[in-house]
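Below is one structure; the comments refer to it alone.
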Amino acid sequence: MLLQMRQITKTYGTLNANSNVDFSLRQGEIHALVGENGAGKTTLMRILYGMEQPTEGLIQLNGKEVQFMNPTDAIAHRIGMVHQHFMLFPSFTVAENIVIGNEPKAGLTFDRKTAVKQVEALCATYRLPIDPNKKVADIPLGMQQRVEILKVLYQGADIIILDEPTGVLTPLEAKELLVIMRSLANQGKSFIIITHKLHEVMEIADRVTVLRDGKVTGTLEASATNVEELSKLMVGRDLLESARRDVQVGKTVLQVKDLSLHGDKGKPVLDRVNLHIKAGEIVGIAGISGNGQSELIQAITGLLPIEQGVIQLLGENITGRSVREIREIGLSHVPEDRYQWGAAKEGTVLDNGTMGHHQTRSRSGLLQGKELRQMVDRFIQQFQIKAGSQETQVKYLSGGNLQKLIVAREIAQNQPFLIAAEPTRGVDIGAMELIHEELLRKRDEQGAILLVSSELTEILKLSDRILVMYEGRIAGELSAEQATEEQISLWMAGGVSDA
């Protein structure tokens, strides 16, 4: 056995993040680590990567006990980790990011030409093509992930930990990554993947370990299990299948006409976008990250000024109106980036849970503290948010638990129009089920929803109509009945067809 983690326990005060966890890895294996948010997956991998120290337990590598006091120790033992939130320098080039910490030198100075040649050779060896001279700030998220993987390979890693590796990829990019992982595994590299996507687990993994509440509930050969069994091991119950219900659509809630906007380099980021959403329908937008979805959301919500076009909400022209005015007219918003747009990291669970509600839950200028606390308590109970208390700063919550808090807060605004951007990013399968049910419930109650998601399965599952964005334009539109993954993927990549 290449790697063994034996009886790993990690406690934070009274919280047991990991409890007597056994985990192993074979050479050339792809081993998936799955579980709900807060189940202890990331903590276990942080221990393996030297970012945390176990309270109890030991790690063995090739049969010998090892201790990693920091990531440098782990890297020295040929263990690398690609984090869910990339750790790149945007102003540096691809080559500079990959060689950082192990830079080739010409005398005492950085040898840029050699670095570029080394990265080109690395790309060729592992069939991961990318321009080494491009700045990271100028490449899409999918390519940034590729840079992270190349950086780990450049460091000589034989064991590679990937945290939610396909979270920012299109279906085609995700399939390509899985092929690359299998190819590298066939060359002797070993992978540990933390993921919520059980269908991908079944496609790529050799073995699967499931954690629930910090404990192992099963380690299985992927060939001997299925999605249903893994789901039950994760959440401790059978999952319900979300049933789509036919709803009669009502009046137009959102109308976007000829919306245009140019980026810093003069290229259109929104190019004459037209769309409408009616009460009682979910309109999904699919597209590779960086094709105008973010700018469209920011234009509708008032976060970004537009150059041309008109946006109407409930028949009222909101073009150029402030964020607060637009929300008061009838909009709520689950933002795509929970940290940048959705939360104040230094604020408490209570602070973040009540944002936006303070306008409607105050009397004579005074906040109704008891009422707000009861509301946040309902969020915590309904969405099973794991937090020490309402006074806990949200920077100490896992990403998935913070996501659930934001979704609960925005749906509870009970506005006629909801923008749900990446609503289930980073959440576990049980929370995903709950969020999907809440979105469908809002739709059934004549709410209008704009769903923007990089998860094509989510778009296909929830949407009544699907729009695909490519280079700032609407490349195509399909009804739920017409939509296929192949057609949407083709439009997402800029292809055309007779559909």
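Quick notes on this one:
- In the stretch 126-142, residue nearest to E96 (Cα to Cα) [restricted to those that are in a loop (DSSP other than H, G, I, E, B), in contact with a helix residue (DSSP H, G or I) (Cβ under 6 Å, 6 or more places away or on another chain) and touching a residue at least 24 places away in the same chain (Cβ under 8 Å)]: P132
- Unique match (being among the hydrophobic types (A, V, I, L, M, F, W, C) and surrounded by fewer than 19 Cβ atoms within 10 Å (Cβ to Cβ)) among L48, L44, L58: L58
Residue-by-condition table, conditions (1) assigned by TED's automatic domain parsing to the domain that holds L451; (2) within 21 Å of S453 (Cα to Cα); (3) touching a residue at least 24 places away in the same chain (Cβ under 8 Å):
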{"site": "P268", "(1), (2), (3)": "yes, no, yes"}
{"site": "V283", "(1), (2), (3)": "yes, yes, yes"}
{"site": "G290", "(1), (2), (3)": "yes, yes, yes"}
{"site": "G302", "(1), (2), (3)": "yes, yes, yes"}
{"site": "G309", "(1), (2), (3)": "yes, no, yes"}
{"site": "N317", "(1), (2), (3)": "yes, no, no"}
{"site": "R324", "(1), (2), (3)": "yes, no, no"}
{"site": "V334", "(1), (2), (3)": "yes, yes, yes"}
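- Residue within the stretch 457-472 that is touching a residue at least 60 places away in the same chain (Cβ under 8 Å), at negative phi and among the basic types (K, R) present: yes
- Just one of the numbered conditions (1) on the phi > 0 side of the Ramachandran plot; (2) part of a helix (DSSP H, G or I) is not true of K232: (1).
- Only one of the listed residues (P90, P129) is at pLDDT below 95, in the same structural domain as Q187 (by TED's automatic domain parsing) and out of contact with any Lys or Arg (no Cβ under 8 Å at 6 or more places or on another chain). That residue is P129.
- Candidates Q118, Q145, Q155, Q84 - the one that is crowded, with 21+ Cβ neighbours inside 10 Å, touching a residue at least 24 places away in the same chain (Cβ under 8 Å) and either among the β-branched types (V, I, T) or at negative phi (or both): Q145
- Matching entry among I100, I30 (being among the aliphatic types (A, V, I, L, M), under 19 Å from Q145 (Cβ atoms) and either touching a Cys at 6+ places or on another chain (Cβ under 9 Å) or in contact (Cβ under 8 Å) with a residue 60 or more places away in the chain (or both)): I30
- Hits in the stretch 1-36 (condition: crowded, with 24+ Cβ neighbours inside 10 Å and assigned to a loop (DSSP other than H, G, I, E, B)): E36
- Residue satisfying all of: in the stretch 368-405; surrounded by 23 or more Cβ atoms within 10 Å (Cβ to Cβ) and of a type in the set (S, T, N, Q); farthest from H333 (Cα to Cα) among these: N401
Conditions (1) under 21 Å from the mean Cα position of the chain (by Cα); (2) buried (at least 19 other Cβ atoms within 10 Å of the Cβ); (3) at pLDDT below 95, marked per residue:
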| residue | (1), (2), (3) |
| --- | --- |
| Q308 | no, no, yes |
| I311 | no, yes, no |
| N317 | no, no, no |
| G320 | no, no, yes |
| S332 | yes, yes, no |
| D337 | yes, no, yes |
| K345 | yes, no, yes |
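- Test result for G309, small (G, A, S), in a strand (DSSP E or B) and more than 29 Å from E173 (Cα to Cα): yes
- Enumeration of residues in the stretch 159-181 that are surrounded by 16 or more Cβ atoms within 10 Å (Cβ to Cβ) and at pLDDT 85 or above: I159, I160, I161, L162, D163, L178, M181
The values are calculated or read from the model by the stated rules, or taken from the named source; none is laboratory data. On a predicted model such as this, the values are computed, not experimentally measured, just so you know. Here the Cβ is made from the backbone with ideal geometry for all residues, glycine too, and neighbour counts use every protein chain on show.
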